[in-house]
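**Student:** My questions all concern the structure below.
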Amino acid sequence: MRIFDPHIHMTSRTTDDYEAMYAAGVRAVVEPSFWLGQPRTSPASFRDYFDSLLGWEPFRAAQYGIAHHCTIALNPKEANDPRCTPVLDDLPRYLVKDRVVAVGEIGYDSMTPAEDTALATQLQLAADHGLPALVHTPHRDKLAGLRRTLDAVRESALPADRVLVDHLNETTVAEAKDSGAWLGFSVYPDTKMDEARMAVLLREYGLDRVLVNSAADWGRSDPLKTRRVGDLMLSEGFSDDDVDRVLWRNPVAFYGLSGRLSLDVAPPGTTHQGNSVLRGGE
């Protein structure tokens, strides 16, 4: 089973997670930029974070045979903080980088006017840079948040078929599918989807444009949830091809819209005195 986790925050995970993910079949990940559990205080902290997503994290992943890409954005939660919003002016310098495969996570958290502005601005940036967009739907008032999201997409220059609407569930999947967007489901303990509910939705709504992710981060989460979904699908009668479509080919197709997806990975050969973490030059 080959697995592409299309939404996972590896910055918050350990090298043990990378090792376990590889053993489970994970060969590629996309790490969306998001908040770090506490408020940032300036655009400079975003720049350091973006640089780590483009350099340090791909290096870590490659040591375990996993191809790492990222998405770049001002996240919806911090779009409400005027200390953070100037980072919007910095985004174009990052959106041209090779390993950036979408603008994201963008969308809504509390559905404020500031979030409206940030979402519209970043949908336009995605269109301007020829990138797809990864959209976070809010954890509260999900259906209202989805509808407001889809309205923003319709008003933008970015076609719906270049948008992945994430964190969907039973209340939002039908309208998201009707919009023509790609459908993202986070399988995450307690607060989002679980494996059994995911299997039910796959039977009801089909496999077309469906992506399943772990959304693993610094909270109680599990980077092997994608594998658990694949195993359950097989046990419930889905075919190997069905699993490969959902867990590999669909994310490859979506992020491939960027023209930047590179799934070949060569583990770094250099160490520092046997340590896999490089510490300077010769």
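**Student:** Antiparallel as a % of all DSSP beta bridges within the chain, to the nearest 5?
**Tutor:** 5 percent
**Student:** Now a separate question. Are there trypsin sites (Lys or Arg not before Pro) in region 171-265 that DSSP puts in a loop and that have at most 10 other Cβ atoms within 10 Å, and which ones?
**Tutor:** Loop-located and lightly packed - R220.
**Student:** Hey, if you drop one equal point scatterer on each alpha-carbon of region 98-181 and run the Debye formula without solvent, what base-10 log of I(q)/I(0) do you get at q = 0.19 Å⁻¹?
**Tutor:** -0.74
**Student:** Compute the relative contact order of the chain as a whole-number percentage, counting only Cα pairs closer than 8 Å that sit 6 or more residues apart in sequence.
**Tutor:** Taking the mean separation of contacting Cα pairs over the length of the chain, I get 21 percent.
**Student:** Right, another one. Return the distance in nm (one decimal) between the two label points of a simple spin-label model at E236 and S262, each offset 7 Å from Cα along Cα→Cβ.
**Tutor:** 3.8 nm
**Student:** Express the Stokes-Einstein translational diffusion coefficient of region 1-123 in µm² s⁻¹, to the nearest whole number, given a Kirkwood radius over alpha-carbon pairs, 20 °C and a viscosity of 1.002 mPa s.
**Tutor:** It comes out at roughly 144 µm²/s.
**Student:** May I ask you to compute the full-extension gain from Q124 to D51, defined as 0.36 nm times their residue separation minus their alpha-carbon distance, rounded to one decimal in nm?
**Tutor:** In short, 24.0 nm is gained.
**Student:** Where the centre of each part is set by its Cα atoms, how far does region 98-139 sit from region 19-95, in angstrom?
**Tutor:** If you average the Cα positions of each part, the centres end up 14 Å apart.
**Student:** Right, here's the next one. Looking at region 7-57, I'd like the Rg to Rh ratio, where Rg is from alpha-carbon atoms and Rh is Kirkwood's inverse mean 1/r.
**Tutor:** Computed over Cα atoms, the ratio is 1.03.
**Student:** Also, I was wondering about something else. Mean shadow of region 202-246, computed from the convex hull of its alpha carbons, in nm²?
**Tutor:** Its average projected convex-hull area is 3.5 nm².
**Student:** Next up: Dividing the alpha-carbon radius of gyration of region 125-282 by 2.2 N^0.38 Å (N being the number of residues), what value is obtained?
**Tutor:** Here the answer is 1.20, to two decimals.
**Student:** Quote to one decimal, in nm, the extra length available between A196 and A144 on full extension: 0.36 nm per residue of separation minus the C-alpha distance between them.
**Tutor:** Net length gain for the segment: 16.2 nm.
**Student:** Taking only the C-alpha atoms, wrap a convex hull around the chain and report its volume per residue in Å³ as a whole number.
**Tutor:** Residue-normalised Cα hull volume stands at 123 Å³.
Any read-out appearing in this document is the output of simple, stated calculations on the displayed coordinates, not a laboratory observation. Please read these numbers as outputs of a predicted model, since none were measured by experiment. Quick reminder, even Gly has a Cβ in these numbers, built from the backbone with ideal geometry, and neighbours come from all protein chains shown.
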